[in-house]
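Derivation of every value follows stated rules applied to the coordinates shown; laboratory data play no part. What you see is a predicted model; the values in this text were computed from it and never measured. Reconstructed Cβ throughout: ideal geometry from the backbone, glycine too, with neighbour counts over all protein chains shown.
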Amino acid sequence: MSRSIKRRRRLKIFAILGLILVALAATSLFFPQDMLTVDSGPVTADALVVLGGGNHERPERAAELFKAGTAPLIICTGHGDALANEFCLTNHGVPMADIILEPDSKSTKENAKFTIALLRARHIKSAIIVTTWYHSRRALACFEHYGPDLKFYTRPSYFGYPKFEWNRLSISGYIKMEYLKILGYWICYGVCPL
């Protein structure tokens with residue numbers, strides 16, 4: 001095979017890869033909710049896990065799910081957020097006896113590792129992760145990566161971002177950062193987001 005044929009084949013491969021990257025970039029910009037959200041739909045589990053971060057949308061969503069009977073127990077995780085989320089949950093009618101705190105984690109990776117230790121210690125086999133929609137893919141991937149023996153679901157909050165009603169021209173910094181964090185978790189920790 002001649003050198004020019006090999007060169008043309010390589011150029012075709014690079015062109016195809018370039019088109020795929022452009023398509024992925026466009027999809028991520030115009031359809032972030034479809035790219036970042038994982039929602040398990042109506043499921044039940046042994047516990048709900050409310051991740052730290054956000055404003056009040058995560059504990060409010062957890063209270064809603066708790067009242068609907070999706071799980072009998074809520075674990076609030078996150079340094080500085082666990083207590084605030086517990087306060088929000090009790091204000092929304094969740095009994096304090098049904099809430100467990102994990103107040104030491106400072107990242108999604110630590111949320112997963114520290115909470116999984118609590119789940120195993122209590123012989124809990126399944127949990128529903130409650131976070132913001134744009135964080136749900138990475139959060140679920142982390143929990144599944146660090147707790148492959150447990151079953152995880154996700155029921156994110158869509159507060160402030162109703163499906164298909166956000167402004168496509170001004171994607172929030174949180175969403176842009178989430179794409180970088182997904183890539184970083186994949187490269188640094190082996191947490192595959194797929």
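Obtain the nm distance between the two label points defined at LEU183 and SER107 by a simple spin-label model: each point lies 7 Å from its Cα along the Cα-to-C-beta direction. The answer from the label model is 1.7 nm. Taking each residue as 0.36 nm, the span from ASP98 to ALA84 lengthens on full extension beyond its C-alpha to C-alpha distance by 3.5 nm. Between the listed residues ALA112, ALA62, MET96, the Cα displaced farthest toward the positive end of the dipole of region 52-140, a dipole computed from Cβ unit charges relative to the Cα centre, is found at ALA112. Helical runs (DSSP H, four residues minimum) scored at -39500 (n - 2.57) apiece and divided by the length of the chain put the mean residue ellipticity at 222 nm at -16000 deg cm²/dmol. Among LYS12/LYS176; LYS109/LYS181; LYS113/LYS181; LYS113/LYS151; LYS106/LYS176, which pairs are too far apart, with a Cα-Cα distance over 23 Å? Listed pairs above 23 Å: LYS12/LYS176.
The slack in the chain from LYS151 to ARG7, taken as 0.36 nm per residue of separation less the alpha-carbon distance, amounts to 47.0 nm.
Specify whether the C-alpha gyration tensor of region 36-154 places it in the rounded, prolate or oblate class, a ≥ b ≥ c being the square roots of the eigenvalues: rounded for a/c under 1.5, otherwise prolate if a/b is larger than b/c and oblate if not. Cα axes put region 36-154 in the rounded bin.
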